[in-house]
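Notes follow once the structure below has been shown.
The values are calculated or read from the model by the stated rules, or taken from the named source; none is laboratory data. Please read these numbers as outputs of a predicted model, since none were measured by experiment. Here the Cβ positions follow ideal geometry from the backbone for every residue, glycine too, while neighbour counts run over all protein chains shown. Only protein heavy atoms, including side chains, enter the accessible area calculation; ligands, DNA and RNA are left aside. Shrake-Rupley method; radii C 1.70, N 1.55, O 1.52, S 1.80 Å.
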Amino acid sequence: MDIRSSSLAFVLAATLAATGALSARAQNQADPVLASVDGVEIRQSDLALAEADIGANLPPITAEARRDALVSYLVDVTILAKAAEVKKLANGPDFANRLAYARKKVLMEALLEQESKNSATEAEKRKLYDESIKKLTPEQEVHARHILVETEDKAKEVLGKLKAGGDFAALAKEVSKDPGASDGGDLGYFSKEQMVPEFAEAAFKLDKGKISDPVKTQFGWHIIKVEDKRQRPVPTYDQVKDQIEAFVARKAQAELVVKLREAAKIERLTPKAETPAQPAPAAGKQKK
């Protein structure tokens with residue numbers, strides 16, 4: 001053999017070996033081992049799967065405690081799975097069916113996830129945002145404070161103090177029974193639909209800076225002060241992009257399911273459930 005050829009082959013082999021070692025090392029760094037059970041490794045990627053599986057059922061805890069709980073769960077899964085294998089439970093009549101079902105479910109989820117990622121493009125999200133903004137109708141909002149008391153007489157007493165120059169926010173903190181009294185009765189901006197009708201009607205009739213007469217609602221008696229009025233601002237794209245992305249993804253998934261259903265030959269061998277009949281209205285009563 002030519003010495004030069006032999007040397008070249010050696011260099012190539014060494015290079016490939018080094019590349020393989022570096023690749024394995026990089027993979028181990030990206031997916032580190034978190035624990036092992038009788039030689040079976042539990043990696044970061046396993047933790048991600050456990051998070052997706054049971055994460056929603058965990059209580060609100062710190063990130064470290066959450067990680068520890070998931071690792072403990074995976075340790076138990078590994079131990080119990082190994083014990084089940086020793087007992088040859090995988091050979092049971094039901095195991096193959098459950099495994100096949102789990103495989104189909106994972107494949108379904110993978111397809112829907114892929115469809116979500118492919119559909120929720122920046123262009124598609126921007127398009128939906130622009131279309132939605134065009135459909136928005138202007139809506140007036142009021143920024144108001146209020147003082148809530150139990151009786152009309154108390155409300156009139158408070159109104160008298162305000163007319164005499166009393167500070168609205170200070171009086172709210174002093175006498176209002178509303179939970180927001182500590183903020184001077186500040187309700188922020190709201191639309192008519194967000195308040196009970198009596199309160200909304202009085203607030204939206206007031207001009208900026210004006211104070212209402214006592215207003216009766218189911219909660220008690222109110223004195224209302226309007227701080228400002230405005231048209232509800234249009235949300236920016238960044239403010240709603242997460243909701244838009246979720247909507248686009250769900251829409252794409254639903255359309256994919258409908259498309260695949262239409263293309264499939266589906267035969268139901270069990271009868272569909274009948275829709276329960278609506279009860280007839282009682283005699284003498286009319287629908288409102």
| message | At 7 Å along Cα-to-Cβ for each site, give me the label-to-label distance between Ala169 and Ala35 in nm. | response | 5.3 nm
| Most to least accessible of Glu115, Glu122 (protein chains only, probe 1.4 Å) | Glu122, Glu115
| message | Nearest 10 degrees is fine. How inclined is helix 122-135 to the longest principal axis of the chain, computing both from alpha carbons? | response | 20 degrees
| Considering only the other residues whose Cβ falls under 12 Å of the Cβ of Asp167, what net charge follows from Lys and Arg at +1 and Asp and Glu at -1? | +3
| field | Mean separation of Cα contacts under 8 Å (6+ apart) over length of segment 161-234, as relative contact order % | value | 19 percent
| said: Apply the a/c threshold of 1.5 to the C-alpha gyration tensor of segment 58-102 and tell me whether it is rounded, prolate or oblate. | reply: oblate
| note | Helix 237-263: inclination vs the chain longest Cα principal axis, degrees, rounded to 10, gives 60 degrees
| said: Can you give me the C-alpha center-to-center distance between segment 230-266 and segment 109-183, rounded to a whole angstrom? | reply: 26 Å
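Can you give me the relative contact order of the chain as a percent, contacts being Cα pairs under 8 Å and 6 or more apart?
Normalised by residue count, the contact order of the chain is 16 percent.
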| message | Please report the accessible area of Ile211 (heavy atoms, 1.4 Å probe, ligands and nucleic acids excluded) in Å², nearest 10. | response | 70 Å²
| remark: For Leu47 the rounded accessible area (nearest 10 Å², probe 1.4 Å, non-protein molecules ignored) is 10 Å²
| query | Once the Cα atoms of helix 63-86 and of the chain are each reduced to a long axis, what angle between those two axes, in degrees from 0 to 90 to the nearest 10, is obtained? | reply | 40 degrees
| field | Ordering of 51-62, 182-193 by burial proxy (mean other Cβ atoms within 10 Å per residue, highest first) | value | 182-193, 51-62
| task | Leaving ligands, DNA and RNA out of it, work out the accessible area of Arg230 with a 1.4 Å probe and give it in Å² to the nearest 10. | result | 80 Å²
